[in-house]
Every structure is written in C-alpha cells, then in structure tokens.
Amino acid sequence: MAIHHKILGVATLLYLLVFFLHVLYLSVKKERILSVTWITIYGTFCIHTLGLVLRWIESYRMDMGHVPLANFYESLIFFAWSITLVLIIMRRRIPYPVITMCASASSLFLMGYASLSPSVERNIQPLIPALQSNWLHIHVITCFVAYAAFVISFVCGVLYFVGWEGIVPSKETLDDINYRSVTIGFPMLSLGILTGAVWAHYAWGSYWSWDPKETWSLITWIIYALFLHARLVRGWRERRIALISIIGFVSVVFTYFGVNIILSGLHSYAI
Amino acid sequence: MLVLSLIALASVFGTVIKQGASPEEYLAVYSERTYRIISLLGLDDAYRAPWFIALVLLFAMSLVFCTLRRLALFVKEKRGIRLPGEDRLSKMELHAYVRGKGLEETIGILTRDYRIAVRQGQGAVLERGRLSRYGVFIIHTSILVILAGGFAGLLFGYRGFVTLGIGETKDRLTLSGKESAERPLGFALRCKDFRVNHYPTGEPKDYVSTVEIIEKEKVVLEKEIRVNDPLSYKGTRIYQSTYGSAPVFLFNIGGEEVALTEREIFRKKDLLLMPARFENRIHDFGPGVLVAYLDNGEPKAVWFLKGVDRLREQTLQGVKVSLNDIREQPYTGLEVSEDPGVPMVWTGFALILLGLYVNFFLHYRRIYLLTVPEGLLVAGMALKNREDFKREFEKMVEEIHGHTS
C-alpha cells in the first residue's frame with residue numbers, strides 16, 4: 001500500500017478522534033478538552049494535507065503527474081479537506097463545538113466512504129485529456145470550498161430544528177452562522193460555475209451545454225440565491241431560512257453524488 | 001423570485017428527461033402517450049423550448065424592473081442622508097458619549113477610514129464602503145449581460161461536427177441537433193495528421209490533430225488541435241472532440257486502384273457503386289463489405305469477402321471489381337462552433353466577479369457624530385457583519401478617547 005494511503009488512513013482515524021473529543025467535551029464541558037480538540041483538528045488538517053501532497057508527488061513518480069483532484073476518490077478526500085479548511089477559517093465565528101462536531105463528522109464520513117466503499121477506485125489514475133487543463137485546479141477548489149461552506153450552513157439548518165438544551169447555540173446565532181457560511185459558499189459556487197464555464201468553452205466547445213451537472217449546479221445556485229434574497233429583501237429569518245438551507249444542501253448532495261450515479265453527461269468521467 | 005424558482009423547477013425536468021434524442025429513443029423508455037405529452041411540451045429539448053425561453057425573458061424583465069426600482073430608492077436615500085436627533089441616536093444599539101473631544105478633531109481621526117457624507121450644524125455623518133451597496137446592481141446587471149450573450153449565441157451561433165480521416169479535406173460540417181443538416185464552413189479543412197499518445201496503462205493521454213485551413217486553394221493556417229486547445233479562425237472555433245477508426249476498402253475496379261470509405265460513392269461510366277456496410281466477421285469467413293450498386297438502374301447489393309476467393313472478385317455491370325484489402329484508418333472527430341455571444345458572456349463573468357467581491361467582501365458602515373451638552377455623541381450602524389462592526393466601533397470609541405489623554 002502506498003504511503004499516501006497510509007497517511008490518509010491516519011487522517012481518517014484522527015477525524016474519528018476529533019469526533020470523540022467533541023462528544024467528551026459536550027458531556028463533561030471542560031475547557032481544556034476543547035482546546036485539545038482544536039489542536040487535534042489542526043493536527044488532522046496537517047496530516048490530511050500531507051496525504052494529499054504525497055499523493056500528488058506519487059502521481060509524478062508514476063509518470064502521470066496531476067493534482068489529486070481528478071477522480072471520485074480524490075474528490076471525496078478533497079471535500080473532507082475543504083470542510084476542515086472552512087472550519088479553520090471560520091473558527092473565530094463559530095465557537096460552538098456542536099457545529100464543529102457535526103462538520104468534522106461529515107469529514108469523517110467522507111473519508112470513511114472514500115476508503116471503505118468497494119465502488120470507489122482508490123488508485124491514482126491517469127488524467128484523461130479533457131481534464132488536462134489549468135482550469136481544473138481553480139474549478140474544483142472553488143466548487144469544493146463552496147460545498148464545504150454549504151455543509152456548515154446545512155448543519156446550522158438542521159441544528160435549528162434540534163432542541164438539545166445547552167448544547168445547541170441560540171436560534172439567532174445559528175441563523176447568523178448559517179447566513180455567514182452561505183455568504184462564503186455562494187460567491188465560491190458562482191466562481192466555480194464561472195471557471196467551469198470558461199473551461200468548458202475551451203474543452204467542450206461551449207460554455208454552457210445544459211449537461212446535468214451544470215444544470216444541477218445552476219439549480220443549487222438558484223436555491224442559494226433565493227436564500228440570500230429571502231433573507232435580505234423579504235427579511236426572512238430563522239425557521240424558513242433554516243428550511244431553505246436544508247433544501248439547498250439536498251441539491252448540493254444531488255449535484256455531487258446524484259448526478260454521477262443517476263444521470264449521465266459530460267461530467268461523468270470524474271467529479 | 002417566483003420566476004427564478006420556476007426556472008429551477010423547469011431545469012430539473014431537463015436533467016431527468018434525456019435531451020435532444022431521437023423519437024425512437026424516447027419511445028423505448030416512455031409509453032406513446034407520455035412521449036406525446038413530452039414532445040408537446042417540448043420537454044425533449046426543454047432549454048430551447050419556447051416556454052422556457054419565455055420564462056428566462058420574464059426573469060430578465062423582472063430583474064430589470066427590480067433593479068431599477070431599488071436603484072431609484074438608493075439614489076433617493078443617498079440624497080436624503082440626514083443626522084437624526086439625539087433621542088434617536090441614543091437609542092441606537094451602538095452609541096457612546098465621548099467627553100472633552102471636539103467635533104472637528106474627531107472627524108479628523110475618523111476620516112482616515114471614513115468619508116464625510118453630510119455636515120450638519122453641530123454634527124456629521126460619515127460613511128465607509130458605499131461601493132458595497134452597488135454590488136447587487138453590478139451582479140444583476142452582469143446576469144443580464146450573460147443572458148443577452150446567451151441569447152445572441154442561440155440566435156446567431158451554431159454547433160456541429162466534422163470527422164476527417166488523415167489526408168481528407170472537407171468544407172461542410174454536420175450540425176448537431178435533431179435533423180442532421182449540413183452547413184458550409186466557409187473554408188476547407190484538411191487533416192494533415194492525427195495521432196494518439198497513450199499512458200503506460202494504455203489509456204489515452206493526448207490526442208492531436210494537425211489541421212490546415214485552406215481558403216482559395218491556399219493554406220492560410222496550420223495548427224495542432226488538442227483537447228483543451230482549440231483552433232480559432234474568423235470566429236469559428238474547432239475543437240478536438242473524439243477520434244476513432246473507420247474501415248477503408250481497397251478495390252481494384254477495372255484495373256484502377258481505388259480506396260473507398262463507407263458510404264463513399266464511386267462512379268465510372270455505367271458503374272455506380274458504394275460500400276454500404278462493413279462487417280468484421282461474416283460467419284467464419286472473416287471481414288466483408290456489402291457493396292450497393294445500380295444494375296441497369298435497379299439498386300442491388302452484393303457481399304465482397306476478403307477471405308473467400310469466389311467473393312473477392314466479382315463482375316458488376318461488366319466491370320471486374322476485386323477487393324484487395326480492408327484497412328482500419330484512424331479519423332479525428334472535430335467539434336465546430338461559432339458563438340458571437342461569447343465576448344458578452346465573458347464581460348458578464350468579469351462583471352459578476354467584481355460584483356460578488358464588492359457585495360460579499362466589502363460592507364457599508366455609517367457613523368453619526370453629534371455635539372451634545374454631555375460631550376460628543378458617537379453612534380454607528382452597519383448593514384452587514386454587525387458583530388465585526390461592533391468590535392470596530394468599540395475600538396474606534398477607545399481611539400477617540402485615547403487622543404484625549
């Protein structure tokens with residue numbers, strides 16, 4: 001087994017540890033555990049990054065060098081990485097362990113799915129010609145940072161309907177964090193769609209082909225645009241906003257997984 | 001907003017039902033009645049259906065009106081920035097009294113970051129990040145620009161493809177869409193060379209066509225086209241899309257060596273023939289080709305088999321025709337398109353990036369200053385990022401205080 005697989009395995013175990021540390025903190029509420037948790041999150045992020053970098057180097061050694069953003073496995077790993085990245089960026093704004101717990105649990109799920117599911121090809125694969133472009137990096141990175149921000153928004157949306165006394169922050173706070181994460185996710189998704197369109201213009205001959213993935217990303221974009229308008233123009237808050245963020249995330253999940261599994265299209269070769 | 005939701009809903013149909021396929025394909029999946037409904041509503045080509053375009057136009061119009069209405073409101077509001085009275089300022093969430101500090105001096109400190117919007121008697125209104133309030137308009141305008149570009153492409157652009165064997169020249173392309181119509185390219189396109197590079201694992205790494213553009217019998221441009229690296233000539237863009245190989249049949253017809261591809265018509269005196277269908281294996285006899293020809297004006301077909309002597313050489317219309325060899329010749333599949341809307345769409349993209357930045361990463365803040373008997377009343381408000389502004393405001397008040405001592 002290649003070294004990067006081992007390192008990513010360690011990262012997966014660390015995500016599990018992060019999850020348990022959160023549970024521990026939420027049950028005993030000792031501040032020290034929380035700081036240990038954050039140190040572990042940083043450590044996990046470093047190991048995870050190392051795993052990605054080693055995979056990258058390995059691909060060059062195998063003479064088909066490309067960034068590890070080129071197949072479903074790599075996208076899952078990168079999705080998990082982006083969630084942690086967004087957590088770290090938003091750390092100051094989300095000092096609520098229950099949110100970080102849910103977010104890192106989703107990283108754990110993605111990592112676990114990536115390394116355990118029999119249907120996921122884990123080896124480094126050569127990059128097919130259509131993906132050999134510099135647009136690949138920016139397109140995939142922006143899309144996944146957007147998805148990661150929407151994960152946070154979704155977590156807030158769901159927690160809104162969960163009444164765990166003393167663990168879940170107040171409804172206004174959830175609403176605020178939800179909105180903030182969408183203000184990160186929405187511009188990122190827009191950027192992802194734009195870069196995708198420019199790339200498609202060079203690779204497929206048209207900036208917009210109504211390919212199912214494109215269409216679903218547009219649907220997702222519209223839902224989050226509605227989210228922002230409902231909030232800023234109509235003044236919707238809390239309950240209805242939480243509902244939209246859940247609908248939006250369902251659409252994200254469908255854009256990411258559903259389209260690949262159910263519908264066929266130009267994107268079918270990868271992510 | 002309602003219109004936008006409708007568009008989202010309509011797009012869902014478009015992804016669920018396969019687009020632009022032939023009626024036979026639909027009938028294989030759906031019942032006849034369902035198909036009639038589908039084609040009546042244009043759901044087999046939903047994104048070009050009149051109702052979908054009408055929906056988009058409706059959306060564009062409502063976007064224009066909303067934007068204009070809000071812009072008018074903004075201009076009015078900008079002209080109407082006034083300094084509220086003390087009672088209202090002291091009720092604001094963020095306010096503080098600063099003692100022993102003059103109005104002018106405070107303005108002097110604040111104008112490092114803020115701009116004076118209004119000076120009014122014993123007070124002033126300062127603001128920062130006014131641009132951010134225009135972000136929404138930039139975004140909305142750029143969406144309109146992108147839509148306009150999209151329509152321009154829909155109206156004046158086309159998409160199609162050309163397949164070329166090595167050495168072959170064509171000056172027409174096949175348009176994509178339901179009817180396989182043709183269209184002149186406006187120049188001739190010749191494939192000089194085509195090659196595929198493979199990874200050690202055998203998967204294709206790269207495919208490259210070297211093509212020449214010929215106008216008036218002269219080569220005006222030569223370029224290698226790869227995936228992700230198209231050729232652009234007078235607004236027409238040519239993309240490497242696919243590749244494959246097609247059989248070439250080497251015949252000897254009445255003493256003349258001829259190479260024919262499938263469906264290529266050969267004519268010589270009374271003889272008219274065309275290789276109609278290639279089969280890689282006919283029973284145990286190996287590869288063969290069905291040749292269609294005219295027998296005194298009546299269409300007939302006969303099999304030529306490479307591996308069977310009796311069928312390799314036959315006489316058609318008194319001419320001796322023999323199949324010498326069947327070779328696989330690679331061809332390149334090029335996608336051709338012209339879209340005059342692209343520059344507009346790119347402009348829209350650039351604008352929307354600017355708009356997104358302005359809207360989401362700058363924010364508008366306002367500070368009110370009013371001289372009151374207790375000293376100076378400082379109040380602030382922000383439209384977004386209120387938590388951050390609260391911190392900024394507290395620091396600011398401290399700073400104003402700090403200058404006293």
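The values are calculated or read from the model by the stated rules, or taken from the named source; none is laboratory data. Just so you know, these numbers come straight off a predicted model, no measurement behind them. Here the Cβ is made from the backbone with ideal geometry for all residues, glycine too, and neighbour counts use every protein chain on show. Keep in mind that these areas ignore ligands, DNA and RNA; they rest on the heavy atoms of the full protein, side chains included. Shrake-Rupley method; radii C 1.70, N 1.55, O 1.52, S 1.80 Å.
Determine the dipole magnitude for the protein assembly as shown: charges of +1 sit on the beta-carbon of Lys and Arg, -1 on that of Asp and Glu, nothing else is charged, the reference point is the Cα centre, and the result goes in debye to the nearest 20.
For this selection, approximately 2340 debye.
So with the 1.4 Å probe, I'd like the accessible area per residue for the protein assembly as shown, rounded to whole Å².
49 Å²
For A:Thr49 and A:Val28, compute 0.36 nm times the residue count separating them, minus their Cα-Cα distance, and round to one decimal in nm.
Result for the pair: 4.5 nm of gain on full extension.
In chain A, which whole DSSP H runs stretch at least 15 Å along their own axis (Cα) and average 1.0 or higher on the Kyte-Doolittle scale?
The qualifying helices are A:3-28, A:72-89, A:97-116, A:135-160, A:238-253.
Work out which chymotrypsin sites (Phe, Trp or Tyr not before Pro) in chain B are exposed loop sites (DSSP not H, G, I, E or B, at most 16 other Cβ within 10 Å) and give the longest gap free of them. Kindly include the intermediate steps, with their values, before the conclusion.
On the way: sites that count: B:Tyr30, B:Phe285.
Segment B:31-284 is the longest.
Excluding residues on the same chain fewer than 8 positions from B:Lys192, give the aspartates and glutamates whose Cα lies under 12 Å from its Cα.
Qualifying aspartates and glutamates at Cα under 12 Å: B:Glu168, B:Glu212, B:Glu222, B:Glu224.
Identify which of A:Gly196, A:Gly205, A:Gly157 has the largest mean-square fluctuation in a Gaussian network model of chain A, with springs joining Cα atoms closer than 10 Å.
A:Gly205
In a shell of Cβ-Cβ distance under 11 Å around B:Val248, excluding B:Val248 itself, what net charge do Lys and Arg (+1) and Asp and Glu (-1) give?
-4
List the residues of the range A:116-147 for which accessible area in the full set of protein chains is at least 30 Å² lower than for the chain on its own; 1.4 Å probe, protein heavy atoms only.
Those are A:Pro126, A:Pro129, A:Gln132, which lose 30 Å² or more relative to the chain on its own.
Do any residues of the range B:356-405 show a loss of at least 20 square angstrom of accessible area between the isolated chain and the full protein assembly, using a 1.4 Å probe, and if so which?
Residues passing the criterion (a loss of at least 20 Å², heavy atoms only) are B:Leu356, B:Phe360, B:Phe361, B:Lys384, B:Asn385, B:Glu387, B:Asp388, B:Arg391.
Take chain B, connect every pair of alpha-carbon atoms lying under 10 Å apart with a spring to form a Gaussian network, then pick out the residue of B:His140, B:His198, B:His283 with the largest mean-square fluctuation.
Comparing B:His140, B:His198, B:His283 in the GNM, the peak value goes to B:His283.
Please give every one of the aspartates and glutamates within straight-line cross-link reach of B:Lys268, meaning a C-alpha to C-alpha distance under 20 Å, and leave out same-chain neighbours fewer than 8 residues apart.
By straight Cα distance, B:Lys268 reaches B:Glu256, B:Glu257, B:Asp295, B:Glu298, B:Glu313.
What lysines does A:Lys213 reach when the alpha-carbon gap must be under 27 Å and sequence neighbours fewer than 8 apart in one chain are set aside?
A:Lys213 reaches B:Lys18, B:Lys178, B:Lys205.
Which angle from 0 to 90°, rounded to the nearest 10, does the C-alpha axis of helix B:342-361 make with the longest principal axis of chain B?
30 degrees
Nearest 100 Å², what total accessible surface is buried between chain B and chain A (probe 1.4 Å)?
Summed over both sides, the interface buries about 3900 Å².
For the protein assembly as shown, give the percent of accessible area contributed by carbon and sulfur heavy atoms, probe 1.4 Å, rounded to a whole number.
Numbers: 20080 of 33450 Å².
Reported share for carbon and sulfur atoms: 60 percent.
Hey, what angle do you get for helix B:50-79 against the long axis of chain B, alpha-carbon based, 0 to 90 degrees rounded to 10?
Roughly 20 degrees, rounded to the nearest 10.
Give me the angle, in degrees from 0 to 90, between the Cα long axis of helix B:135-156 and the longest principal axis of the Cα atoms of chain B, rounded to the nearest 10.
Orientation of helix B:135-156: about 20 degrees from the principal axis.
Rounded, prolate or oblate: which one fits the range A:187-268, using the alpha carbon gyration tensor with axes a ≥ b ≥ c (rounded when a/c is under 1.5, else prolate when a/b beats b/c, else oblate)?
Since a/c reaches 1.5 but b/c is at least a/b, the shape of the range A:187-268 is classed as oblate.
Given the -39500 (n - 2.57) contribution per DSSP H run of 4+ residues, what per-residue ellipticity at 222 nm results for chain A, rounded to the nearest 500 deg cm²/dmol?
Per the formula, -25000 deg cm²/dmol.
For chain A, modelled as a GNM with alpha-carbon contacts under 10 angstrom, which of A:Ala225, A:Ala103, A:Ala146 fluctuates the most?
For chain A, modelled as a Gaussian network with Cα springs under 10 Å, the answer is A:Ala225.
Show that you can apply the helix-only estimate: for chain B, add -39,500 (n - 2.57) for every DSSP H stretch of four or more residues, divide by all residues, and state [θ] at 222 nm to the nearest 500.
Taking each H run of at least 4 residues, the total per residue is -11000 deg cm²/dmol.
Would you give the gap between the C-alpha center of the range A:109-153 and the C-alpha center of the range B:359-405, rounded to a whole Å?
The range A:109-153 and the range B:359-405 have Cα centres separated by 44 Å.
In the structure displayed, which of B:Lys170/B:Lys234; B:Lys91/B:Lys390; B:Lys170/B:Lys306 lie more than 20 Å apart, Cα to Cα?
B:Lys170/B:Lys306
Please work out the C-alpha center-to-center distance from the range B:278-349 to the range A:180-247 and express it in whole Å.
47 Å
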